[in-house]
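The values are calculated or read from the model by the stated rules, or taken from the named source; none is laboratory data. Keep in mind that this is a model prediction, so the values were computed, not measured. Neighbour counts run over all protein chains shown; Cβ positions are idealised from the backbone, glycine included.
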Ligand code: NZQ
Ligand code: ZN
């Protein structure tokens, strides 16, 4: 096991009706005035935003709004938010939504106290040391941004989708998580969220670090819970306990607990981020196409850990590692198909993908080679994208 330093400082407030705590928690993080960031309208339509506003009013917290944040959020809205915060002299940010809203809120929070352009952090030209405090009211279990120190933003100039990972600066102070709020999620978003949270665990599971049995078992346990709850949540979208289990799994998948003491990979996320940057696809659905392709490729290079995943998570019985790894990929695909996720680029809605462009952007954004599990060079990256056809 590798040395590690782990701190997940977010207060998770979980259960029915917890959005009424928003005002009190916002005031408790020292904010009398916040920027409230939200998405395309689902939170307004469901009545959640009104309840959050009531709670802020009761706690004496003022707010200004930035609405209409779209999936795969872009740098222009971040700049708009930074300007608004400076003009209105807000003291913190409240995100009401999913990963796209939370990541925009985080990027604004990091950009406000910084004199240069906020993108410097994403471009690796500056290190983020400080940010305005961020609170979250989560509406979709998927990205895990409510407990992560990350923010993923696309720079429109060149369509570069980059994930900034901070240790502490961007970890939310609190995350309000009411599973009932997720009853309104469309099936495709529910399923895509499930693929995304599984991918967050698998990026950490497929490691070259030896002797990590404790985090392996945490990861396998959360994966098995997700696989067991997924059919329930798809069949009964208003089943509170199924929604609750999936929601908590989404946080545990990405708040760092599954990654302690091990090298993480993140190639599949890099490969997917190019798909959502270039073709605008839903991140989790993209991962349902990317991850099996990456695993098929790795079954030829380094099958042992993939075989272990197959045996422990899906009950694969083959004793030979190569066959077990390939069987693991098949089982994962069957699972994704059972919740109506796409398995090919075509099914994802991408016809005649420009693989050359995707490969070039992947190495431009991630480096050459990239891939701690097994280093990827352009010919490898290209082979993995071709496995998605
Ligand atoms: O915008 P609204 O109207 O709210 O609709 C959203 C959006 O269309 C809808 N939705 C959300 N909650 C809903 C709802 N519809 C009905 N009822 C509800 N309760 O769902 C759609 C997707 O929302 P989005 O925020 O984009 O989803 P998600 O949480 O999957 O976030 C995806 C983004 O997060 C990034 C992804 O790359 C992508 O840009 N990621 C962020 C990470 C992080 N910060 O740690 C890690 C991830 O790996 C990921 O890369
Ligand atoms: Zn993800």
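Observations
- Meets criteria (part of a helix (DSSP H, G or I), away from ligand 2 (no atom under 16 Å from the Cβ), within 18 Å of the chain's Cα centre (by Cα) and in contact (Cβ under 8 Å) with a residue 24 or more places away in the chain) for residue 215: no
- Selection within segment 64-81 - buried (at least 21 other Cβ atoms within 10 Å of the Cβ) and away from ligand 1 (no atom under 13 Å from the Cβ): 81
- Flag if residue 306 is away from ligand 2 (no atom under 16 Å from the Cβ) and closer than 21 Å to residue 193 by Cβ: no
- Qualifying residue in segment 291-312 (condition: assigned to a loop (DSSP other than H, G, I, E, B), surrounded by fewer than 19 Cβ atoms within 10 Å (Cβ to Cβ), under 16 Å from the mean Cα position of the chain (by Cα) and in contact (Cβ under 8 Å) with a residue 60 or more places away in the chain): no
- So residue 315, is it out of contact with any helix residue (DSSP H, G or I) (no Cβ under 9 Å at 6 or more places or on another chain), at positive phi, in the same structural domain as residue 227 (by TED's automatic domain parsing) and surrounded by fewer than 18 Cβ atoms within 10 Å (Cβ to Cβ): no
- One residue stands out in segment 43-59 among those that are within 26 Å of the chain's Cα centre (by Cα) and surrounded by 20 or more Cβ atoms within 10 Å (Cβ to Cβ): the one that is nearest to ligand 1 (Cβ to nearest atom), namely 43.
- Search result, residues across segment 171-213 that are near ligand 1 (Cβ under 8 Å from one of its atoms) and over 30 Å from residue 308 (Cβ atoms): 181, 182, 183, 184, 185, 186, 189
- Test: residue in segment 123-144 that is surrounded by 17 or more Cβ atoms within 10 Å (Cβ to Cβ), near ligand 1 (Cβ under 8 Å from one of its atoms) and under 19 Å from residue 82 (Cβ atoms): no
- Only one of 185, 164 that is more than 28 Å from residue 314 (Cβ to Cβ) and under 18 Å from the mean Cα position of the chain (by Cα): 164
- The one condition from (1) more than 26 Å from residue 342 (Cα to Cα); (2) within 6 Å of ligand 1 (Cβ to nearest atom) that residue 157 does not meet is (2).
- When 343, 332, 326 are checked against the criterion of being in the same structural domain as residue 192 (by TED's automatic domain parsing), within 25 Å of residue 163 (Cα to Cα) and either without any contact (Cβ under 8 Å) to a residue 24 or more places away in the chain or in contact with a helix residue (DSSP H, G or I) (Cβ under 8 Å, 6 or more places away or on another chain) (or both), a single residue qualifies: 343.
- Residue ranges of strands (runs of 3 or more DSSP E) in segment 42-156 with at least 1 members in contact with a strand residue (DSSP E or B) (Cβ under 6 Å, 6 or more places away or on another chain), at pLDDT 95 or above and under 23 Å from residue 278 (Cβ atoms): 150-155
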